[in-house]
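Read the structure below first, then the notes.
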Amino acid sequence: MRNAMKSEETSGAPPGAPLRYDNTSITLHWITAVLVLLLWCAGETIDWFPRGTPRVTVRSLHILFGVALGAILCWRIWWRTGGAGRRLSAVDSGVLKMLSNGVHVALYFVLVATVILGVANAWVRGDSIFGLFSLPSFAPGNRALRGQIEDLHSWSANALLILAGLHACAGLWHHFIRKDGVLRRMWPARSN
């Protein structure tokens, strides 16, 4: 009982407010984080692989994980805007609250932009998926357009990783410095 009261007192939430996000929101958050990291690493290393089957395989995995990220992102947005996900009261106020809200909005915006640019990149390239079929290229031979979309996708992915890094640092700051329970609100539940 004392631990539960201490937990409520240090969570920054009003008494009686939920101390954790719902399991679906937590699961979607961490799947998104893992996919973003995998996609960024794959995107940065595709050209390390020899041309042919190895590179086509890595690029195909990158595309499929990108499609999975797009589906998870749609689910997250639907879950959050549809009111199904649990809303927790803000722990911060003033400038910190505005920064937190701004970073969350920017994360969603850059996630959506990166996925859209990734789809455009695959279609402008006409990529082969595991050598089984190829996406139709909507601009065959247009190297300038291909380069522009590739650059925009890469810049967007880098911006996403920077924002995600700031988001993670803020969570660690809340956990280790402020000790206010914010990170525990999104941490997966331990099974007994």
Quiz prompt | Where trypsin sites (Lys or Arg not before Pro) fall in DSSP loop in region 71-143, at most 12 other Cβ within 10 Å | solution = ARG87
Quiz item: With a 10 Å Cβ neighbour count serving as the proxy for reagent exposure, in which order, fewest first, do ARG185, ARG146 appear?
Solution: ARG146, ARG185
Quiz item: Which residue, GLY82, GLY94, GLY165, has the most motion in a Gaussian network model of the chain that connects Cα atoms within less than 10 Å?
Solution: GLY94
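Given the rule -39500 (n - 2.57) for each run of at least 4 DSSP H residues, summed and divided by the residues of the chain, what is its mean residue ellipticity at 222 nm, to the nearest 500 deg cm²/dmol? Spell out each step's value before the answer.
Values: 6 runs with 129 residues, N = 192.
One gets -23500 deg cm²/dmol as the mean residue ellipticity at 222 nm.
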Practice problem: Would you please calculate the Kirkwood hydrodynamic radius of region 15-56 over all C-alpha pairs and express it in Å, rounded to one decimal? | Solution: 13.1 Å
Quiz item: Can you tell which of ASP22, ASP47, ASP127 shows the greatest fluctuation in a Gaussian network model of the chain with Cα springs below 10 Å?
Solution: ASP47
Quiz item: In angstroms, what radius of gyration and Dmax does region 19-186 have, counting Cα atoms only?
Solution: 18.2, 56
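No lab work stands behind these numbers, since they all come straight from the coordinates. Just so it is clear, the model here is predicted, and its values are computed rather than measured. Cβ coordinates were reconstructed from backbone atoms using ideal geometry, including for glycine residues, and neighbour counts include every protein chain displayed.
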